[in-house]
1. Taking the condition out of contact with any strand residue (DSSP E or B) (no Cβ under 6 Å at 6 or more places or on another chain) and without any contact (Cβ under 8 Å) to a residue 60 or more places away in the chain, does residue 6 pass?
2. Here are the criteria: (1) out of contact with any strand residue (DSSP E or B) (no Cβ under 7 Å at 6 or more places or on another chain); (2) open to solvent by 30 Å² or more (accessible area, probe 1.4 Å); (3) more than 24 Å from residue 49 (Cβ to Cβ). Tell me which single one residue 148 does not satisfy.
3. Output yes when any residue across the stretch 180-198 is under 21 Å from residue 96 (Cα atoms), of a type outside the set (Lys, Arg), at pLDDT below 95 and open to solvent by 10 Å² or more (accessible area, probe 1.4 Å), and no when none is.
4. Scanning for something aliphatic (A, V, I, L, M) and out of contact with any strand residue (DSSP E or B) (no Cβ under 8 Å at 6 or more places or on another chain), does the stretch 70-77 turn up at least one residue?
5. Give me a count of the residues in the stretch 3-36 that are in a helix (DSSP H, G or I), more than 21 Å from residue 221 (Cβ to Cβ) and open to solvent by 70 Å² or more (accessible area, probe 1.4 Å).
6. Sort through 111, 70, 89, 128 and tell me the only one that's under 24 Å from residue 41 (Cα atoms) and among the acidic types (Asp, Glu).
Amino acid sequence: SYLADDFRLVAMDLRGHGLSDKPRDAYCDSRLWADDIHTTIEALNLDHPVLVGWSYGPLVILDYIRHYGEDEIGGANFIGGVTKLGSDEAASVLTADFLSLIPGFFSTDAEESLGALDSLLRLCFTSELAPEDRYLMLGFGASVPPYVRQALFSRSFDNDDLLPKIRKPVLISHGADDAVVKMTVIERQMASIESARVQIMANAGHCCFWDDAAPYNQSLREFVAAL
């Protein structure tokens, strides 16, 4: 996007995703996730970056803040995200349609696994994807092994103790038509972030940055510029 004209954009593959390593047992320790972000900031000599996380991403941002604090970052953007996992309270902000797909994410049967991933894609967007985009994204999902997906969902923790302590600015972006994470997540999980500003995007779903890219990009630009 045009954001790259003025800002350095760094997109990292989370552990278990994309071109990152996919070890069998390296997903339950919060410190490991925090170390990944810290090492990236150090290795690329990033100057107080704004951490932007979508869906599961805010959990990783919170892992970082828990172990490294906020001194080295400028702020954070939570997009369609959650702040806790592994409890009835955590699951209450996830839609029934999404929860019904989880067994398929863990399946080692290729047809069942890809079917669940394809259904997830359909939940993420408010309009039909072009075939080339759909199959590219399906490939991204398929590159994450089922054992990694299961490990991600097996984490059990919440950040209720951490959220009120956050002082750096936080932008919460959420699609009004999100079919994966309910908007109630904002009042149930994120309301205690005193520094947060909420952006509800009309006519956008879980991937609000895709469904309505221009307003999202402008909002992020204004957020960063105000830091």
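The values are calculated or read from the model by the stated rules, or taken from the named source; none is laboratory data. Note that the structure is predicted; figures quoted are calculated from it, not measured. Methodologically, a virtual Cβ is constructed for each residue, glycine included, from the backbone with ideal geometry; neighbour enumeration extends over all protein chains shown. Note: areas computed on protein heavy atoms with side chains; ligands, DNA, RNA excluded. Shrake-Rupley method; radii C 1.70, N 1.55, O 1.52, S 1.80 Å.
1. On the way: out of contact with any strand residue (DSSP E or B) (no Cβ under 6 Å at 6 or more places or on another chain): yes; without any contact (Cβ under 8 Å) to a residue 60 or more places away in the chain: no.
Spelling it out, it is not the case that residue 6 is out of contact with any strand residue (DSSP E or B) (no Cβ under 6 Å at 6 or more places or on another chain) and without any contact (Cβ under 8 Å) to a residue 60 or more places away in the chain.
2. Going through the list (1) out of contact with any strand residue (DSSP E or B) (no Cβ under 7 Å at 6 or more places or on another chain); (2) open to solvent by 30 Å² or more (accessible area, probe 1.4 Å); (3) more than 24 Å from residue 49 (Cβ to Cβ), residue 148 breaks only (2).
3. no
4. At the first step, the residues of the stretch 70-77 found to be aliphatic (A, V, I, L, M) are 73, 76.
Keeping just the survivors that are out of contact with any strand residue (DSSP E or B) (no Cβ under 8 Å at 6 or more places or on another chain) gives none.
The answer is no; no qualifying residue exists.
5. Residues that pass the stated criteria total 1.
6. Details: 111 fails: under 24 Å from residue 41 (Cα atoms); 89 fails: under 24 Å from residue 41 (Cα atoms); 128 fails: under 24 Å from residue 41 (Cα atoms).
One residue alone meets the criteria, 70.
Here is a yes/no grid of residues against (1) closer than 16 Å to residue 57 by Cβ; (2) part of a loop (DSSP other than H, G, I, E, B); (3) touching a residue at least 40 places away in the same chain (Cβ under 8 Å):
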residue: 122; (1), (2), (3): no, no, no
residue: 127; (1), (2), (3): no, yes, yes
residue: 134; (1), (2), (3): no, no, no
residue: 153; (1), (2), (3): yes, no, yes
residue: 206; (1), (2), (3): yes, yes, yes
residue: 218; (1), (2), (3): no, no, no
residue: 222; (1), (2), (3): no, no, no
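Conditions (1) among the hydrophobic types (A, V, I, L, M, F, W, C); (2) assigned to a loop (DSSP other than H, G, I, E, B); (3) in contact with a Gly (Cβ under 7 Å, 6 or more places away or on another chain), marked per residue:
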residue: 72; (1), (2), (3): no, yes, no
residue: 78; (1), (2), (3): yes, no, yes
residue: 97; (1), (2), (3): no, no, no
residue: 111; (1), (2), (3): no, no, no
residue: 117; (1), (2), (3): yes, no, yes
